[in-house]
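The structure appears right after this line, and notes come after that.
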Amino acid sequence: MSQGIWPAVLGRFDWTALPFVLAWDNPTASEIIGAGAASVVVIGAVVAVVLITWLGKWKYLWSEWLTSLDHKKIGVMYIVLAFVMLSRALIEAVLMRMQQADAINSSGFIAPDHFSQLFSTHGSIMIFFMAMPFLTGVINYVTPLQIGARDVAFPLLNSVSLWLTGGAAGLMMVSLVVGRFSTGGWSGYPPYTELAFSPDVGPDYWIWAVTLGSIGSTLTGLNFAVTIYKMRAPGMHLMRMTLFVWTALCTSILMIFAMPPLTVATALLALDRYLGFHFFTSDLGGNMMNYANLFWLFGHPEVYILILPAFGVYSEVVSTFSSKELYGYTSLTIATMAIAVLSFTVWVHHFFTMGQSADINAVFGIATMTIGVPTGVKIYDWIWTMFRGRVRFTVPMLYSLAFMMTFVIGGVTGIMLAMPPLDFLVHNTLFLVAHFHNMLIPGLLYGMLAGYHYWFPKALGFRLSEKWGRIAFGCWVIGFYLAFMPLYVLGAAGMARRTQEVFEPAFRPWLYIAGLGALVLLAALAALFVQLWLSIREREANRVTAGDPWDGRGLEWSISAPPPEYNYAVIPQVHGRDPFYAGKRKGEFYAPAAHYHDITMPKNSMTGPVIGFVGAAAAFGLVWHIWWLVILGVLAIVGTVIARSFARDVHRTIPAAEVAWTDMMWLQAVADATPIPRQIETTSANQGLAEIAT
């Protein structure tokens, strides 16, 4: 192929962009690990395609899942994506810990550039493509059920959001196989990520993956804010909503206002790199502090985008498994709103060391301490909810208890870091890394895992293995303390973060402990997959078709497990908080409706998958300067949107007779189920019908 045709077709791609070629030419441990990771992605994709083809499931996947506009299926797909990305990011974390433990006065087994890619991909994936899909998936599944709605306000937009996120995550995975990723960290600070210092494709992968994901999250925020405002069941006033719905609402508002600054920041950085602009360069009028402010205008509200849904999960779990009404509902609601508002007032504490005046630092330090107050209110309310309750130590409750104890430690270190003089000392050390993980692992991951265990029976109709859930829980908690408590010590002793090689032998024992903790965390993830496999295999023994395995309080437990596509045969009337918990004690549920009506639901649409796929393809073209692919991708997106706007046959009607038959079949299953006391709710005797305790 001639020199002129090659760049026109493949842009700046050449064979050395493939990790397999690099490993062949330079077979070091670092290059072999990179090639091995790429092989896992390629082989995994091939195996998945072959397996689906062999099972003849392509039509089923396309019609029942990939093109579905059902909020429940979209939620499940978000969570599946989160677990896939968690697997990659956790393996990268283990590699980093092993490298640091090995590289004490030696170079270790991972090259510096490769190590920089690892901490950049680890952070980017955990924030944008594990945490965000996980919480979005849980909100997607649960919120419409809890407010008594049939679906979200904009089902098609929900699908587009999912597939934009999926396309962005796919771009992250492609970066393992073609080219390299950014070495600029998860925050992508210029001028290091500018063209002058990083002319490779790495920052471009980061820019376009984050941009696609941020657009998807903004659309999600708009969708769920409208859903909660406009689609609540009759009688469900704002102060009758569950705490989870309140946290979903505040999270949605944060998404609407916090994600655009990130999109603007990445777009301006792209203009610098592609068109020679100078927004953030170190010369010609550029000012990287503008980037820092834009990024952290997103970045600190993002912390609460991640944590608030987990707070909602803990509120549900603690109340349910304490068999008590949630203590301090009003104060919890006010605290949630206060956190959402205050989250926009503290972003400067992320760069106390960047040169602004002491007065400005003091103001933002005080604001940072202030935001701890409503969080403390929540902790006390959860403790009082448990007080004199009949507490059951199920897996979701164990995660909630571990969160309360561990999160307080992270909160205390956060107050310490809110003091600018102390922050100056430890900002660039592992102390900050320990604090950050001390907030997000118990504050986000434990919460999402608690929600995963809590609502799994509702989603799929059978309970997860309690035994393996406890094993996974133990590994997550023990692994966390082993992996991150030593980092506080190392940070206080002066060990810098993002360090590929260590020159202080005294750090060795702490690095070994942290490395062991990383391996235990990997074992925790493996235990979750074992739990899922065994639970699927034994699903018939653990069916909970009646739909209420935990003696639940919200509306979501008043319908079958799994729920029908339309959620409710008849939209419920709400007369107070905890409507199902109170109503089933009055005999108001488990009865056929007086009248059933036809139900209109949206038809499946290929719009979301097409936009996600061609959006990712256009982003790939932008990364590699394959301009024909960019043009085709953009035209395909525009064409898809225009074509959809002309579609008229976008709904289907479920006849009243079918709705009635489905409801009667479920009511018969409820009648056949044996009510069981809470003491045996984790055994196979639990068919999803709780014994009504007085």
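Remarks
- The chain: angle of helix 430-440 to the longest principal axis, Cα-based, in degrees nearest 10: 20 degrees
- Out-of-range pairs (alpha-carbon distance over 27 Å; input LYS72/LYS584; LYS458/LYS584; LYS57/LYS230; LYS57/LYS458): LYS57/LYS230
- For MET606, distant residues with modelled amide H under 5 Å away: none
- Here semi-axes √(5λ) of the Cα gyration tensor in Å was computed from the coordinates, and among (1) 49, 29, 24; (2) 41, 31, 25; (3) 62, 41, 20 the match is (2).
- Solvent exposure ordering (accessible area, 1.4 Å, most first) of LYS467, LYS59: LYS59, LYS467
- In this structure the amide hydrogen of PHE462, modeled in the peptide plane, comes within under 5 Å of the amide hydrogens of VAL544, none closer than 5 places in sequence on its chain.
- For segment 142-219 versus segment 240-254, the gap between their alpha-carbon centres in whole angstrom: 23 Å
- With θ taken as phi - 60° and the Karplus curve 6.51 cos²θ - 1.76 cosθ + 1.60 applied, the whole-hertz 3J(HN,Hα) list for segment 261-271 is x, 5, 4, 5, 4, 5, 5, 5, 5, 5, 4 Hz, x standing for glycine and proline.
- Packing-based ranking, highest mean first, of 311-319, 537-545 given that Cβ atoms within 10 Å are counted: 311-319, 537-545
- Listed values for segment 110-119 are Karplus-derived 3J(HN,Hα) couplings in whole Hz (6.51 cos²θ - 1.76 cosθ + 1.60, θ = phi - 60°), namely 10, 5, x, 5, 5, 4, 5, 5, 4, 6, and x replaces Gly and Pro.
- Calculated FRET value between THR53 and VAL634, using beta carbons and R₀ = 41 Å, to 0.05: 0.85
- Cβ-derived FRET efficiency at R0 56 Å, ILE654 paired with GLN356, nearest 0.05: 0.40
- Phi to ³J(HN,Hα) by Karplus 6.51 cos²θ - 1.76 cosθ + 1.60 over segment 231-245, Hz, x for Gly, Pro: 10, 5, 5, x, x, 8, 5, 4, 7, 10, 6, 5, 5, 5, 5
- Extended-chain gain in nm, criterion 0.36 nm per residue less alpha-carbon gap, LYS586 and ASP14: 198.8 nm
- Distant-in-sequence amide H partners of THR429 (H built 1.01 Å from N, under 5 Å): ARG497
- Taking Cα atoms only, the orientation of helix 607-624 departs from the longest principal axis of the chain by about 10 degrees.
- Equivalent ellipsoid, segment 310-409 (semi-axes from 5 times Cα gyration tensor eigenvalues, Å): 33, 14, 9
- Using alpha-carbon coordinates, inclination of helix 627-646 to the longest axis of the chain, degrees: 20 degrees
- Order by protection proxy (mean Cβ within 10 Å, highest first), peptides 408-420, 601-613: 601-613, 408-420
The values are calculated or read from the model by the stated rules, or taken from the named source; none is laboratory data. All values derive from a computational prediction rather than experimental measurement. Using ideal geometry, Cβ is built from the backbone for each residue, glycine included, and neighbour counts are taken over all protein chains shown. All accessible areas refer to the heavy atoms of the entire protein, side chains included, with ligands and DNA or RNA removed. Shrake-Rupley method; radii C 1.70, N 1.55, O 1.52, S 1.80 Å.
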